[in-house]
Amino acid sequence: MRPPENCNLCPLSEGRTNIVMPHGDASSGIVFIGEAPGEKEDLQGIPFVGKAGKILDGFMEEEGLQRSRVVITNTVKCRPPGNRDPTEEEMAACRKFLNSELSDARLIIGLGKSACKNLMGYDGRMADIVNKRTAIEIDGKMIPFIPTYHPSACIYNKSARTVLRETIRTVREELETLE
Ligand code: SF4
């Protein structure tokens, strides 16, 4: 289910240029979920094309995972002002659109705190859960879920880089077994 062009279910509608929809190959069944569109994403209408996207692209290339083979999306489809975190209310308003992107997923990767809060209800330290596989319920179906760091957390944090690369390696290996 795609949000209507004039969606105003939450206040993020007020500042957006584009609704940023998922990008990639849904037939893989693998979905990476980030936090929210930033400035470049808002302007281009494509997720993860800014600084964090470049980091993610670099790790994917290094680990041999083609970005075009997986789906990349965000908890909310419109840019929060000043790139602040989306609120729980905004994520809840956008959740039905996210759920429709996830209903056929075989593996979901939560990139960072907002995705893990929205999908797992987890609000603790990321360090305690990264790369610990669990499962989340989407429309009555349990789907494997891997929490990990958001690429922007990797800018100054070497151990976050190691963790995220490990996540991507796992995804690449799983994708290979499905092919
Ligand atoms: S973030 Fe989601 S719910 Fe809010 S206005 Fe955009 S599309 Fe609608």
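A compact table of results
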read-out: Segment 2-43: GluC sites (Glu not before Pro) in DSSP coil with no more than 10 other Cβ atoms inside 10 Å; value: GLU5
read-out: Computed E for SER103/LEU178 - FRET, C-beta separation, R0 22 angstrom, nearest 0.05; value: 0.80
read-out: Antiparallel bridges, percent of DSSP beta bridges restricted to the chain (to nearest 5); value: 35 percent
read-out: Between 0 and 90°, nearest 10: helix 158-178 axis offset from the chain longest Cα axis; value: 80 degrees
read-out: Segment 95-132 versus segment 1-76: alpha-carbon centroid distance in Å; value: 14 Å
read-out: Order of CYS116, CYS7 under a 10 Å beta carbon neighbour criterion, fewest first; value: CYS7, CYS116
read-out: In nm, spacing of pseudo-spin labels at ASN83 and ASN131 (7 Å Cα→C-beta vector); value: 2.6 nm
read-out: Proportion of all alpha-carbon pairs of segment 108-164 beyond 17 Å (%); value: 32 percent
read-out: Overall dimensions of segment 11-178 as given by Cα atoms, namely Rg and Dmax in Å; value: 14.5, 44
read-out: Tilt relative to the chain, helix 88-102 - C-alpha long axis, 0 to 90 degrees, to 10; value: 60 degrees
read-out: Projected label distance in nm at GLN66 and MET120, using a 7 Å step from Cα toward the beta-carbon; value: 3.0 nm
read-out: Helix-only [θ]222 nm of the chain, DSSP H runs n ≥ 4, -39500 (n - 2.57) each, per residue, nearest 500; value: -11000 deg cm²/dmol
read-out: Long pairs among LYS77/LYS113; LYS96/LYS132; LYS54/LYS158; LYS117/LYS158; LYS51/LYS77; LYS51/LYS132, criterion Cα-Cα beyond 20 Å; value: LYS96/LYS132; LYS117/LYS158; LYS51/LYS132
read-out: Environment charge at GLY124 (Cβ cut-off 10 Å; Lys +1, Arg +1, Asp -1, Glu -1); value: +1
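All of the numbers you see were taken from the coordinates with simple rules; none came from a lab. Everything quoted here is computed from the prediction, not taken from an experiment. Cβ atoms come from the backbone with ideal geometry, glycine included; neighbour counts cover every protein chain shown.
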